[in-house]
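Reading through the structure tokens given below for one structure.
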Amino acid sequence: DMHHRFSDRVRQWWPEKGTAEYYAALVGHDRGRLAFSDGNETVRINLLGFLHYAEVSLGTPNVTFLVALDTGSNLFWVPCDCTSCAPGVELHNYSPSVSTTSQNVPCNSTLCHNGCPRGDVCPYIVEYVSAQTSSSGYLVNDVLYLTTEDEVVKAPIVFGCGQIQTGSFLGDAAPNGLFGLGMDNLSVPSVLSSRGLTSNSFSMCFGRDGFGRINFGDQGTSDQQETSFNVNSIYNISITGIEVGNSSDVSFSALVDSGTSFTTLADPAYTKLSESFNTELKRTRDSSIPFEYCYYLSSNESVIHLPAINFITQGGSKFPVNYPVIFISNQQQRDFMYCLALVKSSKLNIIGQNFLTGLRVVFDRERMILGWKKFNCNIEDSNPLPVNPKNPPPPTLGPNGYSPEA
């Protein structure tokens, strides 16, 4: 059976009714390019790791899954004939024996890299950056339901029957599956392109209010900013400088990863960005919570102004960080605090989904470029206007400010 994204099964993970994110999730269905059969909408779910999720339908009869969208990995997997999956989750599991169109990936398939050491199933195991987090099981063929403007497309794809999950997958991250969007030939964008269903490109839009979109085959627009990928296996780009008020010469490469909640930088980039932000802000800093650069909002403060932040990419295009802060409220004391949502790393540089907010980002694998443009994700063809959530909590903020969300 098929569950609509507004069903009670899905709403258990929704934001509280009346919040900005709740209303964002109610925005109407859009049909354009090649999208999931339930629509191209995505929604950030803060209770599930601050990641963007979409509903996808698999198999015959079709079953829906609420999957996290991850440009930092390749394999699409869902919980399946589980030995160890997220407990207490009222969402579907996949069972190959129930779907009449399911087939095991043959041992001699080019996608079965290690053969079949045990029986006639092609095993997989994927380990992720998060500590002790992995998924393992075996590969299957089945149909993924997509839509064009006028018809439903049953696309044959390969994905993981995820029998054993560990680490974060047993908690609040991707409990119903992970949709890998990487460059490997196993990823869904690669499969769709190889079968001639779309061009080898896709876009993701990340709205400030948590609403977003994903479109397969989208190669962007002529007025977008662009920079080249460094390698042909991951979405890695080169940064040649950081602007926070004044320009700072610092060079590093970074992975663009929608599956990472908060942007992570190693030194010297981390210190240069955060210290420049702190200097421009001219406020007393509080580092008593996990983010190092946090600031209290006084009770009589109605407007705050934040410095503009841009990454200068290879080739000179500026990548704007439109919403670099996260708001945190202490409901007992009725205090608000905002933090530079940046995590310090020992070696990894990852532009996470929070620094992608307010942009439509194009992952063009044919031209090997990343494209971006300021965008309102609530409409498909948009002017770069701000999204105004209903009933935002105080305080009211200025042109370079943000409404509290956490």
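The values are calculated or read from the model by the stated rules, or taken from the named source; none is laboratory data. Given the structure is predicted, the values throughout are model-derived calculations rather than measurements. A quick note on method: Cβ atoms are made from the backbone with ideal geometry, for glycine too, and the neighbour counts reach across all protein chains shown.
Return the total of residues in region 145-172 being over 22 Å from ASN114 (Cα atoms) and buried (at least 22 other Cβ atoms within 10 Å of the Cβ).
Looking only at that region, the number is 2.
Tally up the residues in region 180-206 that are in contact with a helix residue (DSSP H, G or I) (Cβ under 7 Å, 6 or more places away or on another chain) and part of a strand (DSSP E or B), please.
2
This table checks each residue for (1) of a type in the set (Phe, Trp, Tyr); (2) assigned to a loop (DSSP other than H, G, I, E, B); (3) touching a Cys at 6+ places or on another chain (Cβ under 6 Å); (4) modelled with pLDDT of 90 or more.
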site	(1), (2), (3), (4)
VAL98	no, yes, no, yes
HIS113	no, yes, no, no
ILE125	no, no, no, yes
ALA131	no, yes, no, no
TYR138	yes, no, yes, yes
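Could you pull out the residue among GLU301, GLU292, GLU275, GLU280 that is in a loop (DSSP other than H, G, I, E, B) and at pLDDT 90 or above?
GLU292
Condition first: of a type in the set (A, V, I, L, M), within 26 Å of GLU280 (Cβ to Cβ) and touching a residue at least 60 places away in the same chain (Cβ under 8 Å). Can you find one or more residues in region 359-374 that meet it?
yes
Let's see how each residue does on (1) acidic (Asp, Glu); (2) part of a loop (DSSP other than H, G, I, E, B); (3) at pLDDT below 90; (4) outside the structural domain of LEU297 (by TED's automatic domain parsing):
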{"site": "MET337", "(1), (2), (3), (4)": "no, no, yes, no"}
{"site": "PHE355", "(1), (2), (3), (4)": "no, no, no, no"}
{"site": "ARG360", "(1), (2), (3), (4)": "no, no, no, no"}
{"site": "PHE363", "(1), (2), (3), (4)": "no, no, no, no"}
{"site": "ARG367", "(1), (2), (3), (4)": "no, yes, no, no"}
{"site": "LEU370", "(1), (2), (3), (4)": "no, no, no, no"}
{"site": "ILE379", "(1), (2), (3), (4)": "no, yes, yes, yes"}
{"site": "ASN391", "(1), (2), (3), (4)": "no, yes, yes, yes"}
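Pick from SER130, SER134: which is touching a residue at least 24 places away in the same chain (Cβ under 8 Å), closer than 13 Å to SER73 by Cα and in contact with a helix residue (DSSP H, G or I) (Cβ under 6 Å, 6 or more places away or on another chain)?
Exactly one residue qualifies, and that residue is SER130.
Need pairs with beta-carbon distance below 6 Å; first residue surrounded by 16 or more Cβ atoms within 10 Å (Cβ to Cβ) and within region 227-249, second in a loop (DSSP other than H, G, I, E, B) and of a type in the set (Gly, Ala, Ser); sequence gap 6+ or separate chains.
As it stands, the answer is THR227/GLY315; THR227/SER317, since those pairs meet every condition given.
Against the definition (closer than 23 Å to PHE50 by Cβ and either of a type in the set (Val, Ile, Thr) or free of Cβ contacts under 8 Å to residues at least 60 places away in the same chain (or both)), how does TYR295 come out, yes or no?
When the stated conditions are applied, TYR295 passes them.
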